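Asks: My structure is below; once you've seen it, I'll send some questions.
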Amino acid sequence: MEESLQNRIAVVLVRARNPLNIGAVARAMSNFGFADLRVVNDYDVPFQDARSAIDAAPVLNTARQFGSVAEAVADCTLVYGTTALGERRLLHPVDMLRDAQTHVRDAVTTGGRAAVLFGSEKTGLSADEMSHCHRLLTIPMNTSGVSMNLGQAAAVCLYELIRESATPQRPLPPEAMPANAEEIARMEAVLGEVLEESGYAHRYPANMREVTHRRMVRRMTLDRGDVDAWIGVLRQVLWKLRKE
């Protein structure tokens, strides 16, 4: 089975101290299907205290602690650091979150592994920690806000990273399936009969080119239910015209 996109993206918390924030990040990861949580700290991380967050336990049970950013991202081919911008002088390329999504998806779908780093709640990522990143990403916000808290930032980033694949793929009922070429051709045939029977074809021959009708009908992007409905309407019109 093909490995999911979420399984190839690691969330790395650097110097996160508040167990409530760690739990909030783990909960966000669980909500969006992520499982690879890595924490960089030089002291034991309070994972037990963080487990109080709803749905956080499955992620926290497999979370790993590292002594340095270098160790935490060693297996990653693309590393993104998060930043709130501000007045800070940054030497990395900085992408808006939506653009970062494209880079991350490109990396993981070609067999790589990506990491998204979140810095300390108080100071963010240091220059040294950023030096392990290929690029930086920022979340567009109202200028009156300085930054999000850790849990909020993680939730927004993770949602955006999987946004295109997050829509539930539920099977459509038969009538809602897109109409195929054969079904559309049946409708076009009835439409042609109506145009002939009504005299439109003789009055406006320039508008009767087959390619024109075909292009017009296909721009409507009809589903099977639409086609059946239109055929019914057109046949009723045809019956009325012939009756007269």
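Asks: What is the spread of the Cα atoms of the chain along each of their three principal axes, largest first, in whole Å?
Replies: 90, 38, 37
Asks: Report the charge-dipole magnitude of the range 6-165 in Debye, nearest 20, computed about the Cα centre from +1 at each Lys and Arg Cβ and -1 at each Asp and Glu Cβ.
Replies: On the way: 15 positive and 16 negative charges, 27 e Å.
Charge dipole of the range 6-165: 120 debye, to the nearest 20.
Asks: Given a 10 angstrom Cα cut-off, can you work out which residue in Ala185, Ala24, Ala155 is the most mobile in a GNM of the chain?
Replies: Ala185
Asks: Select from Ala107, His134, Gly119 the residue farthest towards the positive end of the dipole of the range 101-141; place +1 on Cβ of Lys and Arg, -1 on Cβ of Asp and Glu, and compute about the Cα centre.
Replies: The residue sitting most towards the positive pole is Ala107.
Asks: I would also like to ask the following. I want to check the label-to-label distance for Lys122 and Ser198. Put each point 7 Å from Cα in the C-beta direction and report it in nm to one decimal.
Replies: The answer from the label model is 7.6 nm.
Asks: Hey, if you put +1 on the Cβ of every Lys and Arg and -1 on every Asp and Glu Cβ in the chain, which of Met216, Ala57, Met96 ends up farthest toward the positive end of that dipole?
Replies: My answer, from the dipole projection, is Met216.
Asks: For Ala10, enumerate residues with amide H under 5 Å from its amide H, sequence gap 5+ or separate chain, H modeled in the peptide plane.
Replies: HN-HN under 5 Å from Ala10: Ala114, Ala115, Val116.
Asks: OK, next. Report relative contact order for the chain in percent, whole number only (criteria: Cα-Cα under 8 Å, sequence separation at least 6).
Replies: Numbers: 341 pairs, mean separation 49.6, N = 244.
After rounding, I find 20 percent.
Asks: With r as the distance between the Cβ atoms of Ile54 and Asp106 and R0 = 30 Å, compute the FRET efficiency 1/(1 + (r/R0)^6) and round to 0.05.
Replies: Details: r = 33 Å, r/R0 = 1.11.
The pair Asp106/Ile54 has a calculated efficiency of 0.35.
Bear in mind these aren't lab numbers, they're just calculated from the coordinates by the rules spelled out. From a predicted model like this one, the values you see are computed outputs, not experimental measurements. Neighbour counts run over all protein chains shown; Cβ positions are idealised from the backbone, glycine included.
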